[in-house]
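The values are calculated or read from the model by the stated rules, or taken from the named source; none is laboratory data. In this text, all values refer to a predicted model and were calculated from it rather than measured experimentally. Positions of Cβ are generated from backbone atoms using ideal geometry, with glycine treated the same way; all protein chains shown enter the neighbour counts.
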């Protein structure tokens with residue numbers, strides 16, 4: 001049975017989400033949108049303003065209405081950006097990154113450091129993360145209270161925040177959530193901490209920045225040294241029965257890929273062994289063996305490969321063409337199973353689609369039977385920010401959910 005406290009909580013959440021979605025509104029318009037009377041909206045808004053989550057400001061009239069305005073300007077209610085901050089941490093294979101968003105979901109801080117995670121013990125990695133988080137907390141002192149910290153990692157993560165298997169990192173059964181709480185110490189008592197798969201976090205960020213993706217089914221790919229995936233339907237993450245749906249990097253292709261030292265932990269026929277960064281750079285290094293050394297090998301990175309392709313270098317074009325063939329095989333399988341309206345590619349390798357996209361789309365058309373709809377394939381504009389931003393927005397999203405306790409308990413009694 002609903003209690004006055006639970007009804008008020010639902011009203012608070014509805015008010016916050018309405019303002020987050022539509023921006024500043026007058027009390028009258030806000031009351032109309034959430035279906036509350038004048039007295040109720042006044043009480044709810046008053047409590048949220050007092051808690052620092054909302055703020056009042058003069059309502060700016062539309063330009064065409066400026067000359068018609070008479071009397072005092074109205075008061076608008078909006079999310080107070082300083083009402084909270086959310087920290088997102090990406091534990092990558094070659095870097096650690098931290099991003100901070102405010103209560104309005106806008107980025108207010110970022111930092112990234114090179115880090116060889118696969119060759120460092122998990123406990124040492126957590127200590128380094130603790131240092132980065134402490135730096136972020138120091139910058140936020142007096143600016144906004146921290147209301148959540150999310151950590152994203154390329155791994156299978158269970159409900160307890162344990163890394164069951166981080167194949168590309170060599171992590172097995174690492175209690176990451178517990179280690180983070182221990183590292184953060186007493187500070188962790190002030191805000192929730194969560195651990196999430198990196199592709200799931202990327203999906204959250206992409207949805208936030210592109211609201212039309214909230215409708216229907218969308219498949220997300222994070223393409224780094226390995227390949228991760230996430231499935232969202234109508235804005236909600238689909239996890240599957242055990243929480244690990246969307247591991248697109250583990251799709252099996254018809255032939256095994258040559259395995260490099262960096263890929264030694266992964267089965268050879270996995271999709272990610274054909275299209276991940278390690279595979280691409282190794283393929284470029286060995287393409288046309290006997291030719292002069294080229295800058296686009298592992299030391300030159302993907303940017304050198306892209307530049308060489310644009311310059312018309314045959315070896316670079318061959319590597320990108322082969323990458324496109326393997327991408328088409330993986331995307332065909334995902335499309336046939338999920339029938340998504342969109343496929344969003346993110347991560348360091350995604351820009352290769354800009355070079356091979358026409359061939360990939362043509363290959364999908366050849367494989368689909370007549371009448372099967374073609375998904376729209378896009379490269380995310382988020383770049384390297386996608387995963388750490390998503391980790392922060394994951395906690396932001398939790399704060400605005402019905403399950404979160406928006407105001408301290410005394411205010412709800």
Considering residues of segment 118-129 that are in contact (Cβ under 8 Å) with a residue 12 or more places away in the chain and over 20 Å from the mean Cα position of the chain (by Cα) only, the residue farthest from residue 53 (Cα to Cα): 118
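Per-residue answers, yes or no, for (1) modelled with pLDDT under 95; (2) surrounded by 11 or more Cβ atoms within 10 Å (Cβ to Cβ); (3) under 22 Å from residue 401 (Cβ atoms); (4) out of contact with any helix residue (DSSP H, G or I) (no Cβ under 7 Å at 6 or more places or on another chain):
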{"position": "1", "(1), (2), (3), (4)": "yes, no, yes, yes"}
{"position": "4", "(1), (2), (3), (4)": "yes, no, yes, yes"}
{"position": "9", "(1), (2), (3), (4)": "yes, yes, yes, no"}
{"position": "23", "(1), (2), (3), (4)": "yes, yes, yes, yes"}
{"position": "26", "(1), (2), (3), (4)": "yes, yes, no, yes"}
{"position": "38", "(1), (2), (3), (4)": "yes, no, no, no"}
{"position": "65", "(1), (2), (3), (4)": "yes, no, no, yes"}
Of the criteria (1) at pLDDT below 95; (2) closer than 27 Å to residue 115 by Cβ, which one residue 253 fails: (2)
Options 384, 376; residue that is within 22 Å of residue 199 (Cα to Cα) and modelled with pLDDT under 95: 384
Residue within segment 342-350 that is in a helix (DSSP H, G or I), assigned by TED's automatic domain parsing to the domain that holds residue 230, modelled with pLDDT of 95 or more and within 22 Å of residue 382 (Cα to Cα) present: yes
Lone unmet requirement of (1) surrounded by fewer than 22 Cβ atoms within 10 Å (Cβ to Cβ); (2) touching a strand residue (DSSP E or B) at 6+ places or on another chain (Cβ under 8 Å) for residue 318: (2)
Breaking point among (1) modelled with pLDDT under 95; (2) more than 20 Å from residue 238 (Cα to Cα); (3) surrounded by 15 or more Cβ atoms within 10 Å (Cβ to Cβ), for residue 400: (2)
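Is at least one residue of segment 156-168 touching a helix residue (DSSP H, G or I) at 6+ places or on another chain (Cβ under 8 Å), closer than 18 Å to residue 392 by Cα and surrounded by fewer than 22 Cβ atoms within 10 Å (Cβ to Cβ)?
Applying the first criterion (touching a helix residue (DSSP H, G or I) at 6+ places or on another chain (Cβ under 8 Å)) to segment 156-168 yields 157, 160-163, 168.
Then drop every residue that is not closer than 18 Å to residue 392 by Cα, which leaves 157, 161.
Subset that is surrounded by fewer than 22 Cβ atoms within 10 Å (Cβ to Cβ): 161.
Yes, the conditions are met somewhere in segment 156-168.
In the list 207, 213, 132, which residue meets the criterion of being free of Cβ contacts under 8 Å to residues at least 40 places away in the same chain, under 28 Å from residue 83 (Cα atoms) and assigned to a helix (DSSP H, G or I)?
207
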Yes/no for residue 361 being assigned by TED's automatic domain parsing to the domain that holds residue 272, surrounded by fewer than 20 Cβ atoms within 10 Å (Cβ to Cβ), at pLDDT 95 or above and touching a strand residue (DSSP E or B) at 6+ places or on another chain (Cβ under 9 Å): yes
Residue 218 being in contact with a strand residue (DSSP E or B) (Cβ under 8 Å, 6 or more places away or on another chain), crowded, with 24+ Cβ neighbours inside 10 Å, assigned by TED's automatic domain parsing to the domain that holds residue 96 and not in a helix (DSSP H, G or I): no
